[in-house]
Amino acid sequence: MKLEDYFNFLAPNDIRLKGTRIGIESILYDYIHRGWSPEKIEETYRRYLTLEQVYATITYYLHKKEKIDKYLTEWIEWGDRMREEQAKNPTPAILKIRKIKEEYGTLRNYLEARKRNEYT
């Protein structure tokens, strides 16, 4: 089996483990940035991945380091841009949560107040 056989190359910026919806960036972020062992990564994704798939992803990264470093950098930068955009244009749900936190301090306080009002 070739190393590439472990992956679906859906687009230049979308490489996923075959048979899953998990992108290699998820595994590699845990491995590189969080310093997790392959075994810890497999434990985290146990329902979806095998240890063999985790090792295949890491091996693919090590063989194509320059290309995958660029892929990961672009993924992280895209995530940063999306968070900035979401902060500038919050959804109605986020606005409601912010209002609740402002009024009650925490969501827990809000839920407790609602519960008290339900029974009075």
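The values are calculated or read from the model by the stated rules, or taken from the named source; none is laboratory data. These numbers were taken from a predicted model, which means no experiment stands behind them. All Cβ positions, glycine included, derive from the backbone under ideal geometry; neighbour counts span all protein chains shown.
Quick notes
- Within the option set Leu49, Leu17, being among the aliphatic types (A, V, I, L, M) and in contact (Cβ under 8 Å) with a residue 40 or more places away in the chain holds for one residue only, Leu17.
- Odd one out for Trp36 among (1) touching a Ser or Thr at 6+ places or on another chain (Cβ under 8 Å); (2) assigned to a helix (DSSP H, G or I): (2)
- For Tyr110, the conditions (1) closer than 30 Å to Lys2 by Cα; (2) of a type in the set (Phe, Trp, Tyr); (3) in a helix (DSSP H, G or I) all hold with the exception of (1).
- Within segment 33-55, the residues that satisfy the criterion of being surrounded by 15 or more Cβ atoms within 10 Å (Cβ to Cβ) and hydrophobic (A, V, I, L, M, F, W, C) are Trp36, Ile41, Leu49, Val54.
- Options Thr20, Thr73: the member that is in a helix (DSSP H, G or I) and β-branched (Val, Ile, Thr): Thr73
- The residue of segment 56-70 that is surrounded by the fewest Cβ atoms within 10 Å (Cβ to Cβ), among those that are without any contact (Cβ under 8 Å) to a residue 12 or more places away in the chain and assigned to a helix (DSSP H, G or I), is Glu66.
- Applying the condition of being among the aromatic types (Phe, Trp, Tyr) and surrounded by 15 or more Cβ atoms within 10 Å (Cβ to Cβ) to segment 8-32 and asking which residue is nearest to the chain's Cα centre (by Cα) yields Tyr29.
- Any hit, segment 72-91, residues being at pLDDT 95 or above and of a type in the set (S, T, N, Q): no
- Failed item in (1) over 30 Å from Arg16 (Cα atoms); (2) in contact with a helix residue (DSSP H, G or I) (Cβ under 8 Å, 6 or more places away or on another chain), with Tyr55 passing the rest: (1)
- Of the residues making up segment 93-102, not a single one is under 19 Å from Lys18 (Cα atoms), aliphatic (A, V, I, L, M) and surrounded by 12 or more Cβ atoms within 10 Å (Cβ to Cβ).
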